[in-house]
Every structure is written in C-alpha cells, then in structure tokens.
Amino acid sequence: MSYGGRQRNAFFLRSSRRRRSDDDGLTLVELMVTMGVASVLMVAIGVVFLGTIRGVTTINVKTAATADARITMEAMTRSLRVAVRPVGVDAAIVSATMNQVSFYSLLNRTGTPAATAPNPTLVRYWHDGSCVNQSSTPATTGADGSLTWNPAGTRTICLARTVTAPVFTYYLTSATTTEMTIGSGLSLNDRNLVRSVGISLSMKSAASPTVSPVPLVDRVTLTNLIADDSNSAESG
C-alpha cells in the first residue's frame, strides 16, 4: 500500500473513532446538571408569569371598581343636589343614618329640560351587604293635588357591587367641617337643619378580596333647601 493510501486509512480511522466518541451521549452528572438548570428556569418563568397575571387582574379589578365608584357617586350627588321639601311634608330628608339616606328629590327622568319642576321622587341609598342600591318611588297626585308615595311603585337598582357600605356625614352648612352627631339616626329637627351631605365610597369586590378597595369622597350642597332658607328670610 502506498504512503498516501495509508494516510487516508488513518484519517478515516480517526474520524470513525471520533464519531463513536461523539455518539456516547451525556453522562449522568451532565444530565442532572441540565435538568437542574432547566428546573430553575421553569420556576423563574412561572413566578414571572403568575406575577404578571396577578398584576393584570388587580388592574382590571381596580379599573372596574373606579368606574363603579364614579357612576355611584354621580347618581348620589345629582339626586342630593336637587333635594326638596314637598308641600305638606315634615322634612326633605326622610331618614339619615351613617350608611343610608332617604330624601325627596326633583329628579327629571325625561332627559330633556322641563318647563316646570317635576313632582318630587322619594329616593333612598342603602347597602344590602353586597351592593349599593338606589330606590326610587315616584309621587302620585291625588284629586285634591296632594302628593303620596306608594311603596308599590318603588324601583330599586344596584349601582355598584361592593362589600363595603357607603358612609354619609351631615352638616349644618355647606362651609362647615363640623359633622352633625348621627347616633342611631338624625332626629326630625336635625334632618330639617341639614344643608350639606358628605359621601364616602369604598369599592371592594367580594370576588377579589386581596385587591385593596378603591375610595372616592365627595360632598354635596343641598341648594334647593338653602334657596328656601333665603326666600323665607326675605319674606320674613
């Protein structure tokens, strides 16, 4: 055999040995190290994924709660702002406690400006443990022109689902920061003196107890009652 032929045989022999060596695969130690690294990476990816999911859930819950709080506050302030004392009724505010308020309001349900004031609607805001509710009872005009409010005509809607009840505070004027003492509820005399109402909402979903509540606070001046005070003072 020539010298060149022997070199080619030696080369093919070395290549064959190298391929057999490469085909031997991983050792047990190498396999265990690879599995350990892969496990650490999987755990890290899982933690990041779960954190992202929780973050997105929290944002969605808070966004929905903020929207509910604004809608509820808008409904309450709009109704309270036009609270009125109907003729022949003892007070504009029927009942007032820390977590519920009931009053007469000049609500315009037509959606268009009215030439004359609508009949007062009996409005109540209250909490049933899972929802902030608005109850509305329209007035019925009798043959003699008197107004009555039949409970059979009451319509109740859930404004917002929350496990936290609204908190109402009552003031003698729109400027004072001194709250009236509520106790178990304002007396008739105190209800006649209310000229401003504070509202504190805290929206917390029962389905997401770990998400912190969304607070919203506002205060409403009872402009119709203040106008009545001015008219009474002028006529007096």
Going through the range 56-110 one residue at a time, which ones are in contact with a helix residue (DSSP H, G or I) (Cβ under 9 Å, 6 or more places away or on another chain) and charged (D, E, K, R)?
Arg81, Arg85, Asp90
I'm trying to understand the selection: among the residues of the range 196-222, which are surrounded by 15 or more Cβ atoms within 10 Å (Cβ to Cβ) and either over 30 Å from Ala91 (Cβ atoms) or of a type in the set (S, T, N, Q) (or both)?
Ser196, Ser200, Ser202, Met203, Lys204, Ser205, Ser208, Val211, Pro213, Val214, Thr221
Among the residues of the range 185-193, are any more than 30 Å from the chain's Cα centre (by Cα), loosely packed, with under 14 Cβ neighbours inside 10 Å and touching a residue at least 60 places away in the same chain (Cβ under 8 Å)?
yes
Any pair with Cβ under 6 angstrom, 6 or more apart, that starts in the range 169-180 at a residue that is free of Cβ contacts under 8 Å to residues at least 24 places away in the same chain and ends at one that is aromatic (Phe, Trp, Tyr):
Met180/Tyr170
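Yes/no per residue for (1) outside any helix (DSSP H, G or I); (2) within 24 Å of Asn150 (Cβ to Cβ); (3) of a type in the set (Gly, Ala, Ser); (4) modelled with pLDDT of 95 or more:
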site: Thr57; (1), (2), (3), (4): no, no, no, no
site: Lys62; (1), (2), (3), (4): no, no, no, no
site: Thr66; (1), (2), (3), (4): no, no, no, no
site: Ala69; (1), (2), (3), (4): no, no, yes, no
site: Gly88; (1), (2), (3), (4): yes, yes, yes, no
site: Thr110; (1), (2), (3), (4): yes, yes, no, no
site: Asn119; (1), (2), (3), (4): yes, yes, no, no
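Which one of these is among the polar types (S, T, N, Q), touching a Leu at 6+ places or on another chain (Cβ under 8 Å) and at pLDDT 90 or above: Asn224, Asn189?
So the residue among Asn224, Asn189 that is among the polar types (S, T, N, Q), touching a Leu at 6+ places or on another chain (Cβ under 8 Å) and at pLDDT 90 or above is Asn224.
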Residue selected from the range 130-174 under the condition loosely packed, with under 13 Cβ neighbours inside 10 Å and out of contact with any strand residue (DSSP E or B) (no Cβ under 8 Å at 6 or more places or on another chain), by the criterion nearest to Asp68 (Cα to Cα):
Ala152
Conditions (1) part of a helix (DSSP H, G or I); (2) surrounded by 15 or more Cβ atoms within 10 Å (Cβ to Cβ); (3) at pLDDT below 95: number failed by Leu80:
(3)
Top-ranked residue in the range 92-108 [being of a type in the set (A, V, I, L, M, F, W, C) and part of a strand (DSSP E or B); ranked as nearest to Ser184 (Cα to Cα)]:
Ala96
Limited to the range 192-207, what total is found for residues that are hydroxyl-bearing (Ser, Thr, Tyr) and either closer than 19 Å to Val84 by Cβ or modelled with pLDDT of 95 or more (or both)?
2
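The values are calculated or read from the model by the stated rules, or taken from the named source; none is laboratory data. Bear in mind that the values here come from a model prediction, so they are computed numbers and not experimental data. Note: ideal-geometry Cβ built from the backbone for every residue, glycine included; neighbour counts use all protein chains shown.
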